[in-house]
Every structure is written in C-alpha cells, then in structure tokens.
Amino acid sequence: MIQKTEKIWMDGRFIDWDNANVHILTHTLHYGLGVFEGIRCYDTKKGPAIFRLDEHIERLFNSAHIFLMEIPFSKKEIKEAVIRTVKVNKIRECYIRPLAYIGYGAMGLYPKENPVNVSIAVWPWGAYLGDDGLNKGIRVRTSSFIRNHVNANMTRGKVCGYYVNSQLAKKEAITSGYDEAVLLDTEGYVSEGSGENIFIVRKGKMKTTPLTSILEGITRDSIIRIAHDFRIKVTEERFTRDELYISDEAFFTGTAAEVTPIREVDGRVVGAGKPGEITKKLQSVFFDVVKGKNKKYESWLTYVK
Ligand code: PPE
C-alpha cells in the first residue's frame with residue numbers, strides 16, 4: 001500500500017490527500033492519454049534535495065508537446081509547485097509524481113475543449129525492486145511482449161497509456177517467477193525494462209540501447225556521464241539478448257529503480273551472478289551524487305528550503 005502524505009497539489013491548490021479525487025469520466029482514465037514524471041527527492045546534509053528537477057520538468061513539457069496537450073502552467077510554476085509540495089508535506093525523502101491529464105468534458109477521441117489538469121503527489125518509496133535487488137541483483141526475463149514501435153508510440157514522451165505494455169511484461173515476468181522484464185524492440189533487439197533503461201558491461205566497455213524505442217531516461221544520462229569520469233567507454237548501440245546473456249555485468253537504471261544490478265536473465269547467470277565491479281562502483285557514486293556527497297554534480301540537486 002502507498003504511504004499517505006498530507007497534501008496533493010491539484011491545479012494550483014493543495015488538497016488533503018483523502019480528498020484528491022477526480023470525476024469518473026475524466027478523459028485520461030478512459031483513453032490513457034496523460035503525461036507524467038517520476039522524480040526522486042533525497043535526504044541530504046543540506047535538507048531534502050530533488051534530483052535533476054529541471055530535466056524532469058523539461059521532459060514533462062516535451063511529452064505534452066508531442067501529444068498536443070497544452071499544460072496551463074509555465075515550467076517555472078510547475079517547478080515551484082513540485083518544491084512546495086515536498087515542503088508542505090514535511091518529507092525528507094520521497095518519490096514525486098507530477099501528472100498532466102485530460103479532464104472532464106467531452107468523451108470520445110477528440111476532446112477539443114476538455115481542460116488539461118495537473119497534479120503533483122509525493123510519497124515515500126523505498127527500493128523499487130527491493131533492497132535485496134539493489135544489493136544482490138535481480139532476475140530478469142525477456143518478455144514475449146514487444147516494446148512500442150516508433151511509429152505506433154512516441155517514446156520521447158512519458159505517457160500513461162504506454163504502461164499497459166509495461167504491465168503486460170511485468171505481470172508475465174512476475175507470474176513466471178522473475179523480478180522484472182526486459183522487452184525487445186520490433187526488430188528483436190534489446191530495448192528496456194518495464195520501467196527502466198538497461199546497460200551491459202563486456203570486457204570493461206559499457207553499452208546501452210539507443211534512444212529509438214526507449215524512454216530517454218534521466219538516470220541513464222546520469223550514469224553515462226558518471227561512467228565518463230572513470231574513463232569507461234560507453235556506446236549507445238543495439239545489442240541482442242544473447243549479448244546480454246554473455247555480458248560480464250548488466251544493470252537497470254531509472255528514477256524508481258535507481259541502479260539495480262541484474263544477476264540472471266532467462267535462466268542464464270550474468271557474469272559472476274552478483275553485482276559486478278563496474279556496476280557497484282557506478283551505483284555507489286550515483287547514491288553519493290543524489291545524496292549530495294559529490295561536489296561535481298551539486299548542480300543536479302534542487303534543495304527544498
Ligand atoms: N524506461 C521506462 C519505460 C520508464 O518507465 C522509466 C522510468 C525509465 C526508462 C527510466 O527513466 P528515468 O526515470 O528518467 O531514469 N520509470 C518511472 C516509472 C516507474 C513506475 O513504476 O511508476 C520511474 O522510474 O519513475
């Protein structure tokens with residue numbers, strides 16, 4: 001169960017958690033077109049710090065732009081509302097979920113006059129794939145469901161309806177005894193997890209899938225930059241699932257998943273069957289960065305004061 005906080009920001013006002021409701025004919029609820037973000041706020045020595053807030057706000061507005069949704073607030077207003085939502089809830093560490101959705105009005109697929117509503121909720125969210133997953137790595141299966149084709153869905157957008165595909169993959173992975181799914185693209189190459197980007201390490205070099213059929217992950221970008229600091233070569237290129245099987249290390253990245261090592265794929269042990277050296281290094285630097293313990297990336301943090 002989600003852990004309640006006090007207030008949810010809805011269209012400019014703070015509403016009590018229990019009263020943060022919408023009409024049952026809210027358009028997005030029926031047709032799945034809404035855009036959202038997942039952001040984390042970490043406890044640091046200087047107070048709560050929101051990780052890469054500007055990039056998340058930028059992506060939210062890009063998602064809306066792709067889908068011709070006009071968010072009736074400026075980026076600055078949404079950014080400030082996110083900060084205030086963390087603040088009013090007096091929470092030091094949380095997950096932040098801004099959502100822009102098509103509200104009540106007409107039904108049908110061309111809701112010309114319906115309002116675009118915006119909400120921002122925050123709640124505590126621990127390790128997405130479990131503490132054990134973060135520490136020891138997870139078991140992953142290749143999904144029988146294919147990731148969105150570039151002409152069927154626009155993956156630069158983070159859109160509610162895309163997560164139907166993700167949930168099919170996730171349920172299949174869990175019911176067949178795994179922790180998470182990895183989806184292939186329409187040509188059979190590895191794309192991403194149900195809610196994470198993926199990296200592999202082979203002979204000291206890192207690869208991650210190109211942006212064609214995946215979400216442009218902000219954690220993915222952070223990890224690529226951190227890897228460069230260690231002079232680790234990172235390429236963005238397609239790879240097949242057998243390359244994943246024989247990689248030395250593999251891991252997922254995401255706001256919710258953070259940096260989660262992968263220790264097994266489709267019954268094949270990956271590398272030594274435990275988090276590899278490079279994965280552990282990057283994971284540890286990542287946690288230092290988000291917790292304000294790394295000066296170099298201080299500009300990625302927005303302190304809640
Ligand atoms: N791919 C997908 C499909 C995805 O949903 C996410 C985030 C990522 C990659 C990583 O993106 P980023 O968070 O910018 O590094 N998934 C969000 C939703 C998770 C959920 O279950 O809800 C998240 O991690 O917040």
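Values quoted throughout were computed directly from the atomic coordinates according to the rules given, and no laboratory measurement underlies them. Source: prediction; values computed, not measured. We place every Cβ from the backbone using ideal geometry, glycine too, and count neighbours over all the protein chains shown.
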Residue pairs within 7 Å by beta carbon, gap of at least six or interchain, first lying in segment 250-264 and within 6 Å of the ligand (Cβ to nearest atom), second assigned to a strand (DSSP E or B) and hydroxyl-bearing (Ser, Thr, Tyr), listed first then second, are ALA256/TYR95
Does ALA20 satisfy the criteria of being over 18 Å from TRP300 (Cβ atoms), within 16 Å of the ligand (Cβ to nearest atom) and touching a Ser or Thr at 6+ places or on another chain (Cβ under 9 Å)? no
Within segment 205-222, take every residue that is closer than 16 Å to ALA250 by Cα and within 10 Å of the chain's Cα centre (by Cα) and give me the one that is nearest to the ligand (Cβ to nearest atom). THR219
I'd like the residue in segment 174-204 that is surrounded by fewer than 23 Cβ atoms within 10 Å (Cβ to Cβ), of a type outside the set (D, E, K, R) and more than 26 Å from PHE67 (Cα to Cα) and, out of all such residues, is nearest to the ligand (Cβ to nearest atom). ILE174
Filtering segment 12-28 down to residues that are touching a residue at least 24 places away in the same chain (Cβ under 8 Å), over 19 Å from ARG84 (Cα atoms) and under 25 Å from the mean Cα position of the chain (by Cα) yields VAL22, THR26, HIS27, THR28
